[in-house]
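First the structure, in the form of structure tokens, and then the observations on it.
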Amino acid sequence: DGPESSPAEVADPDLLIEADAYVASFCASSERALQWLHYGRAGSGFALGFSTQAMRHEPFRLAPVVYDLSRQREFIHRIISTAWLQTTQNIVDVPEAERAHFREFCAQSTAQEIWASSCYLKDAAFAHEEEWRLLTYELSTDEFPPSPESRARMHFRSVASRIVPYQAYPIGTLI
């Protein structure tokens, strides 16, 4: 049995979960002419190679972009199924009076996971790019602000008269 809501239960209307997401894009091949023309200063730039194994560490997730619509649906379905499973397994440990709040928290967390993970989904017309994305994000609420570790990773830079936040990423050894 999954979590059930009675009509009398009302979730916390003040609960708002936010996600601060950071994404970097990479190409699987340095030989893509279109990539050079679009992103490599009209072909005059340079490519850096990275070991994908060295880039796979928490709190960052490195994965290839999914271009196929059926695989995109499976991707989203997997997020929702995992969230549902975790919700139904853990709700039994939540006091009855707090279950509506717990459900709302789980629903909003799932929505934020889908939103952040959508960076891995792209139209099939772009499949030639063979893109990979590096994602990190952190959920926060008024009650649970971002962690001190997350704040320490955040930096700011000026780009075209704007202030742009970014997180430093240890890239390891260049190959």
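As an exercise, use a Förster radius of 22 Å and the Cβ-Cβ distance of D93 and H57 to find the FRET efficiency, rounded to the nearest 0.05.
It comes to 0.15.
Relative contact order for the range 60-175: 34 percent, from Cα pairs under 8 Å spaced at least 6 residues apart, divided by residue count. Remark: spin-label model distance R157-I80 equals 3.8 nm, labels positioned 7 Å along the Cα→Cβ axis.
The peptide list 118-124, 53-59, put in order of mean Cβ contacts within 10 Å with the highest first, becomes 118-124, 53-59.
Read the figures in this text as sums done on the coordinates, not as results from a lab. None of the values given here were measured: they were computed from a predicted structure. Reconstructed Cβ throughout: ideal geometry from the backbone, glycine too, with neighbour counts over all protein chains shown.
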